[in-house]
Amino acid sequence: MHLMGDVGYSSGDGVEPVNAGVPEIIAVDIDRLRPDPEQPRRSFDEERLRALADTIKRQGLIEPIEVDEEWIIVTGERRWRAAKLAGLRAVPVRVLRGLTPEQKLERRLVENIQHEPLSDLEKAAAIKRLMELGNYTVPQVAQNVGLSHEEIRRLLSLLEAPPEVKQLVEEQKLPPSIAGEIIYSLKDKPEAAVEVARRVARSEDNKLRLARAMITEVKLKEREPEIAPPPAEYSVIYADPPWRYEFAPDDMRSVEAHYPTMETEEIKGYLAAKGVRVAPDAVLFLWATAPKLEDALDVMRAWGFKYRTNMTWVKDGIGTGIWFRGQHELLLLGVRGSPRPPAPADRPPSVLEAPRGEHSEKPEAVYEIIERMTPGARRIELFARRRRPGWDALGLELEPAPA
């Protein structure tokens, strides 16, 4: 039975080329061919091999296997393995003469990228080997194998990944493209890279958005200037912590995608870490979302305040949620010692209706409310995004204070 497909080949021992001047296509005993140890692919999917073997039984081996002068397979090892499973005794091969090791590797990379893709780790190892053999630059190898410069750099960074990150990739818990971006972006911070990879692997949300947000967070923290502890004792603390959520109902609006976040334990230690001194009699205004209410009360206690009451901010738009779609946030009020309550005329209603701003931005009116409630007080805003006259401020996103 003829099982080699409708291709031209000479049926002898390989002496007769089909067309002079082009690589020969000849029929060769299948056992004469040998796989190359330099093949970038390290594993072959048995189920896919069997499926290909079934196709070869029906249609023959349509595309020749490429070999060198010593019958070592250059491209087509997967087809050769499937042909053996299909029971073929001879296969069509194209003999490529005089190829250098880097030329062989280039052909294998291109075929694998276009047909049965290599894993990213296999691809990365092959690209590194190709660059070493040919002394290629990133632009040169990118042009030769048809990948972008950025893709080449990302792949190469995978080779430098800590073992735990490589394992997450191999277990398909972390997409290789995201792992490469994490390692490339945090190449000087392997411990941070591992932590980011772990959290992204556990997440059920948009993993790429989460990875990029966490990378930004690491870099922001690295750039955070060493700030001398504020010189005064503050009788008013205003804080909008960057709560970290265990899940995000809608990954397109995930909190992690907008700004760096912190674990609750980090927030609880923030006052001490920053050296913020609190007056014996002081008031805390602490923002909390409904899912983080319990955490916010823990933070309040950790900072030395007792919960007293709250204000509800009702927004003009509906947000996300699992049980209820959120349309409000809570401004919790806690006290330390015996601060004097505001005069009756300066006591605001417990409900504030105000439009939403940028993600997590709180209404400007709240500053004015606090100023009316605490005249003459020394105030500080924690996790601030901008400076306000008459207030001290601490926050990653602040511009440097004017000299």
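A simple count of charges around Glu353, restricted to other residues whose Cβ falls under 10 Å of its Cβ and scoring Lys, Arg +1 and Asp, Glu -1, yields 0.
The separation of region 287-321 from region 326-395, counted between C-alpha centres, amounts to 13 Å. Which percent, to the nearest 5, of DSSP beta bridges fully inside region 233-394 are antiparallel? Of the beta bridges lying entirely in region 233-394, close to 45 percent run antiparallel.
Rounded, prolate or oblate: pick one for region 24-99, where a ≥ b ≥ c are the square roots of the eigenvalues of its C-alpha gyration tensor, a/c under 1.5 means rounded, and failing that, prolate if a/b is larger than b/c, else oblate. Oblate, because a/c is 1.5 or more while a/b does not exceed b/c. Ordered by the count of other Cβ atoms within 10 Å of each Cβ, fewest first, Val236, Val218 give Val218, Val236. Here the simple spin-label model places points 7 Å from the Cα toward Cβ, and for Arg89 and Gln140 these points are separated by 4.7 nm. In the structure shown, do any of Lys57/Lys207; Lys189/Lys362; Lys189/Lys315; Lys84/Lys207; Lys84/Lys173; Lys219/Lys268 have a Cα-Cα gap over 31 Å, and if so which? Table pairs above 31 Å Cα-Cα are Lys57/Lys207; Lys189/Lys362; Lys189/Lys315; Lys84/Lys207; Lys84/Lys173.
None of the figures in this text is laboratory data; all of them are computed from the coordinates on show. Everything numeric in this text was worked out from a predicted model, so none of it was measured. Backbone-built Cβ (ideal geometry, glycine too); neighbour counts: all protein chains shown.
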